Amino acid sequence: VTMADMRRRLLGQPGKALLTGFVALSALAGSGLILALTVIGLLLTPAMVFLSILAGVLGYVVGAYALGVKILSATGRHTPETTADRALSAGVGALAAGLVGLIPVLGWILVLALLLAGLGAITQRVLRPALFTVPGPGA
């Protein structure tokens, strides 16, 4: 359910997911820099670097999966419902992202965009209740 929700968010509003991912990764990397400016926080800087790398990898996984679902749905397949369909979508997305990454100069920019969009979908899923809701008329 969670992965399907992130996929729907990413494919529904890719620009919003890309922007959210950019802000999230910038906040993680920037907080590591800010922590490094303090004496005590200097010890936490490696943890922030690790979290930034982990966020990038997870964003790439979600982005590649969503790309695979999009490619397969463009060929007429239904959205994945079984584990085998999800694995096929993830494999197709990883293959497509890998092939796109081989394009000189443009490839790494597109893979970075895929990573940021995937991270944006994760961020929206995690922070959705508090950050992305529209306030009611009384707020």
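The table below lists the values:
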{"quantity": "Failed condition for residue 95, given (1) at pLDDT below 95; (2) open to solvent by 90 Å² or more (accessible area, probe 1.4 Å); (3) not basic (Lys, Arg)", "calculated": "(1)"}
{"quantity": "Lone qualifier among 21, 68, 59 - being more than 12 Å from the chain's Cα centre (by Cα) and under 19 Å from residue 112 (Cβ atoms)", "calculated": "68"}
{"quantity": "Any hit, region 79-87, residues being open to solvent by 70 Å² or more (accessible area, probe 1.4 Å), part of a loop (DSSP other than H, G, I, E, B) and either at pLDDT 90 or above or among the acidic types (Asp, Glu) (or both)", "calculated": "yes"}
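The values are calculated or read from the model by the stated rules, or taken from the named source; none is laboratory data. Everything numeric in this text was worked out from a predicted model, so none of it was measured. Quick reminder, even Gly has a Cβ in these numbers, built from the backbone with ideal geometry, and neighbours come from all protein chains shown. Accessible surface areas use protein heavy atoms only, side chains included; no ligands, DNA or RNA. Shrake-Rupley method; radii C 1.70, N 1.55, O 1.52, S 1.80 Å.
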